[in-house]
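What follows is a short report on a single structure.
The values are calculated or read from the model by the stated rules, or taken from the named source; none is laboratory data. This one's a predicted model, so the numbers in the text were calculated from it and none came from an experiment. Using ideal geometry, Cβ is built from the backbone for each residue, glycine included, and neighbour counts are taken over all protein chains shown. Just so you know, the surface numbers come from the protein's heavy atoms only, side chains and all, with ligands and any DNA or RNA stripped out. Shrake-Rupley method; radii C 1.70, N 1.55, O 1.52, S 1.80 Å.
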Amino acid sequence: MDESSSVFVGIDVSKDRLDVHLRPTGKAFCVSRDGKGLDDLISRLIEVPVAPVVLEATGGFETTVAPALAGAGLPLCVVNPRLIRDFARAMGRLAKTDALDAEAIALFAERIRPEARPLLDPERARLAEFVRRRRQVIEMIGMETNRRRRTTDKRLAKRLDRHVAFLEKELDEIDRDIGEAIKSSPVWCKTEALLKSVPRIGDATARTLLAEVPELGTVDRHQIAALVGVAPVNRDSGLMRGHRAIAGGRTSVRNVLY
């Protein structure tokens, strides 16, 4: 593709609609976030020499948009919203609307040129969803348990006990679902067994790595350490050599490894 004629696309994804901005033309439009809107969006984008289409990971709303765009053969990159926020602040953009967010994402695509990345295959995406839900349930159990310790009302304490018991049952069911998903794939079974052969790596860590680090085994140790956020980051300036500490990466993976 001739880079001089490339069109950089930024999409702000919300519950009901998609705000789209094209660079360098400055053209902007919005479509509904449903089948008809996605078909309209794809028909518009396939007519132009699109460079990577960039959209934010917006907590689930992007899960219907990204597969549709990728399935149409459009180059796609789903980025962490923090990167877009930091980029907008660096440019002095403090105002925030859906249209302005789409423009900031398009500018990010044009200036940073993020590499298009393949999406997770459906089975791995399903496993990742189970793992995320497991993490959410564990967090809820912790919060409800802390509330139970602080409460002095007996009736409220009984309700909290019932809720914790329900959440623990839910956790057991999710663990079974994750186990069955892994057993359905001989490759995943083999990889899980290999991971768990490492001392102190148990079910939770192995399954998180399987679901959320599909690059595992395809890149070298330096790249994978940086990817999951356990590589020390240099903090040097002039003759000063600062303390190196881990930062960035995939927070959920880094937490479970820690």
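Worth pointing out:
To keep it simple, each residue is scored yes or no on (1) open to solvent by 70 Å² or more (accessible area, probe 1.4 Å); (2) polar (S, T, N, Q).
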{"site": "214", "(1), (2)": "no, no"}
{"site": "218", "(1), (2)": "yes, yes"}
{"site": "221", "(1), (2)": "yes, no"}
{"site": "229", "(1), (2)": "no, no"}
{"site": "232", "(1), (2)": "yes, no"}
{"site": "235", "(1), (2)": "yes, no"}
{"site": "243", "(1), (2)": "yes, no"}
{"site": "254", "(1), (2)": "no, no"}
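- Among the residues listed as 141, 224, 201, 182, the single one being in contact with a helix residue (DSSP H, G or I) (Cβ under 7 Å, 6 or more places away or on another chain), part of a helix (DSSP H, G or I) and at pLDDT below 95: 182
Residue by residue, here is whether (1) of a type outside the set (Asp, Glu); (2) open to solvent by 30 Å² or more (accessible area, probe 1.4 Å); (3) within 20 Å of residue 224 (Cα to Cα) holds:
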position: 184; (1), (2), (3): yes, yes, no
position: 188; (1), (2), (3): yes, no, yes
position: 196; (1), (2), (3): yes, yes, yes
position: 200; (1), (2), (3): yes, yes, yes
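- Residue 89 being out of contact with any Leu (no Cβ under 7 Å at 6 or more places or on another chain), surrounded by 15 or more Cβ atoms within 10 Å (Cβ to Cβ) and not in a loop (DSSP other than H, G, I, E, B): no
- Any hit, region 35-50, residues being open to solvent by less than 30 Å² (accessible area, probe 1.4 Å), of a type in the set (Asp, Glu) and in a helix (DSSP H, G or I): no
- Of 78, 54, all but one fail to be surrounded by 14 or more Cβ atoms within 10 Å (Cβ to Cβ), in a strand (DSSP E or B) and without any contact (Cβ under 8 Å) to a residue 60 or more places away in the chain; the exception is 78.
- Scanning region 146-162 for residues that are surrounded by fewer than 16 Cβ atoms within 10 Å (Cβ to Cβ) and either in contact (Cβ under 8 Å) with a residue 24 or more places away in the chain or not in a loop (DSSP other than H, G, I, E, B) (or both) yields 146, 147, 149, 150, 154, 155, 156, 157, 158, 159, 161, 162.
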